[in-house]
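The block underneath contains the structure these notes are about, expressed in structure tokens.
The values are calculated or read from the model by the stated rules, or taken from the named source; none is laboratory data. All figures in this text were calculated on a predicted structure; none of them were measured in a lab. Neighbour counts are summed over all protein chains in view; Cβ atoms, including those assigned to glycine, are modelled from backbone coordinates with ideal geometry.
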Amino acid sequence: MARSGLRFWAAVSAALHALFGLILLFRLPGREIPPPQEAVPVELVTPDAPQLAQAPSPSPVQAPPAPEAAPDP
């Protein structure tokens, strides 16, 4: 008896949960999606020509030292 009573109330609970879910699905208002904003192309104009910074010239790299001569035996 206890086993069938448990199944009955589990079925009642599942049915009520399904009913409540369907009510929420159909009764809640959907969220409004804002209209997309249009992109406006803009051209930037400056009164002066752009000034670019000059990079310093690289310093010269020293050559590696010449190998020393092998000592005579």
Just checking, how many residues over the range 22-38 are at pLDDT below 85 and in a helix (DSSP H, G or I)? 1
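Listed here are the residues, each with its yes/no results for (1) surrounded by 10 or more Cβ atoms within 10 Å (Cβ to Cβ); (2) under 43 Å from the mean Cα position of the chain (by Cα); (3) part of a helix (DSSP H, G or I); (4) not aromatic (F, W, Y).
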residue: L6; (1), (2), (3), (4): yes, no, yes, yes
residue: F20; (1), (2), (3), (4): yes, yes, yes, no
residue: V40; (1), (2), (3), (4): no, yes, no, yes
residue: Q51; (1), (2), (3), (4): no, yes, no, yes
residue: P60; (1), (2), (3), (4): no, no, no, yes
residue: P64; (1), (2), (3), (4): no, no, no, yes
residue: P67; (1), (2), (3), (4): no, no, no, yes
residue: D72; (1), (2), (3), (4): no, no, no, yes
